[in-house]
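Participant: The structure follows.
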Amino acid sequence: MELSLPQLIAVYAIPVILAITLHEAAHAFVAARLGDETAARLGRVSANPLKHIDPIGTLLVPGLLLLSSQLLGGAGIIFGWAKPVPIVAANLRSPRRDMGIVAAAGPVANLLMALMWGMVLKGAVGAEGAYHEFFSRMAIAGVVVNLVLGLLNLMPIPPLDGGRILVSLLPRQLAILVSRVEPFGIVILLVLLMTGTLGSVIGPLLDFGLGVISSLLGMSN
């Protein structure tokens with residue numbers, strides 16, 4: 001059944017907000033455990049979306065991408081961002097190493113949420129009731145949104161999490177060179193998105209992730 005735009009928004013709203021919120025909360029939580037409580041003192045170790053929502057990145061951009069995918073046809077890539085979590089590297093016990101760990105926490109949270117939404121979907125399969133299809137579609141959206149957000153953030157382009165992980169692993173001189181890309185990272189990402197290159201990279205990885213979750217949960221792909 002083809003969904004209308006209001007129905008699509010209803011299906012995607014909770015998965016998108018949770019995916020972005022818990023991604024940022026994971027950064028803040030791990031940073032606090034590694035010695036930097038800057039974000040924790042600002043209340044960012046929280047599942048409350050109001051602590052993390054950025055009106056443009058959390059609401060407007062995903063909404064516009066959802067609208068464009070509805071108008072143009074196809075699933076498209078739905079992603080967004082929240083308010084950046086402030087991290088003071090000097091407060092971390094091992095700044096270079098720990099910045100990589102803090103960066104990895106967000107995508108890991110998304111991959112775990114994708115698995116949890118998969119469990120919800122498995123539980124919904126075969127269920128009966130008026131809301132069965134709605135919750136099944138929401139669970140599918142939760143899996144896809146979290147996989148896309150996690151995979152997107154793992155791309156090795158600063159300031160994405162993958163870029164910060166890469167900087168933490170490289171020899172110092174090479175890390176400095178890569179970190180200089182950060183002011184242009186978002187522009188690079190937008191160019192990759194507009195040219196279709198981003199979809200060509202994320203698409204196969206998304207299919208692989210869906211296959212892994214299906215196998216782990218014993219569901220047909």
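The values are calculated or read from the model by the stated rules, or taken from the named source; none is laboratory data. Worth saying up front: this structure is predicted, and the values here are computed from it rather than measured. Using ideal geometry, Cβ is built from the backbone for each residue, glycine included, and neighbour counts are taken over all protein chains shown.
Participant: How many residues are more than 23 Å from Ser168 (Cβ to Cβ) and either among the β-branched types (Val, Ile, Thr) or exposed (fewer than 12 other Cβ atoms within 10 Å of the Cβ) (or both) when one looks only at region 188-201?
Facilitator: Residues meeting the conditions: 7.
Participant: Still on this model: Could you list, in sequence order, the residues of region 208-221 that are assigned to a helix (DSSP H, G or I) and touching a residue at least 40 places away in the same chain (Cβ under 8 Å)?
Facilitator: Within region 208-221, Gly209, Leu210, Ile213, Ser214, Leu216 meet the criteria.
Participant: Assuming Pro86 fulfils every condition listed in (1) over 30 Å from Phe135 (Cα atoms); (2) modelled with pLDDT under 95; (3) surrounded by 21 or more Cβ atoms within 10 Å (Cβ to Cβ); (4) not small (Gly, Ala, Ser) apart from one, which condition is it?
Facilitator: (3)
Participant: Oh, and also: Within the group Leu152, Leu205, which residue is in contact with a Phe, Trp or Tyr (Cβ under 6 Å, 6 or more places away or on another chain), in contact (Cβ under 8 Å) with a residue 40 or more places away in the chain and either more than 18 Å from Tyr12 (Cα to Cα) or surrounded by 11 or more Cβ atoms within 10 Å (Cβ to Cβ) (or both)? Full working, then the answer.
Facilitator: Details: Leu205 fails: in contact with a Phe, Trp or Tyr (Cβ under 6 Å, 6 or more places away or on another chain).
The unique qualifying residue is Leu152.
Participant: Considering only region 170-185, state which residues are surrounded by 14 or more Cβ atoms within 10 Å (Cβ to Cβ) and of a type in the set (A, V, I, L, M).
Facilitator: Across region 170-185, the qualifying residues are Leu170, Ala175, Val178, Val181.
Participant: Just the residues that are at pLDDT 80 or above and surrounded by fewer than 19 Cβ atoms within 10 Å (Cβ to Cβ), please, taken from region 128-145.
Facilitator: Of everything in region 128-145, those that are at pLDDT 80 or above and surrounded by fewer than 19 Cβ atoms within 10 Å (Cβ to Cβ) turn out to be Glu133, Phe134, Phe135, Ser136, Ile140.
Participant: Still on this model: Would you confirm whether or not region 116-127 contains a residue that is under 16 Å from His23 (Cβ atoms), buried (at least 19 other Cβ atoms within 10 Å of the Cβ) and touching a residue at least 24 places away in the same chain (Cβ under 8 Å)?
Facilitator: yes
Participant: Would you please list the contacts, defined by Cβ atoms under 7 Å and residues six or more apart or on different chains, that run from a residue in region 91-104 that is part of a helix (DSSP H, G or I) to a residue that is among the hydroxyl-bearing types (Ser, Thr, Tyr)?
Facilitator: If the second residue must be among the hydroxyl-bearing types (Ser, Thr, Tyr), the pairs left are Asn91/Thr38; Arg96/Ser168; Arg97/Ser168; Met99/Ser168; Gly100/Ser168.
Participant: On to the next question. How many of the residues making up region 31-51 are crowded, with 23+ Cβ neighbours inside 10 Å and assigned to a helix (DSSP H, G or I)?
Facilitator: 2
Participant: To continue, here is another question. Step by step: first the residues of region 193-215, then only those that are over 17 Å from the mean Cα position of the chain (by Cα) and modelled with pLDDT under 90, then the one that is nearest to Gly57 (Cα to Cα). Which residue is that?
Facilitator: Met194
Participant: Something else now. For Ala10, state whether it is within 24 Å of Leu115 (Cα to Cα), surrounded by fewer than 18 Cβ atoms within 10 Å (Cβ to Cβ) and touching a residue at least 60 places away in the same chain (Cβ under 8 Å).
Facilitator: In short, yes.
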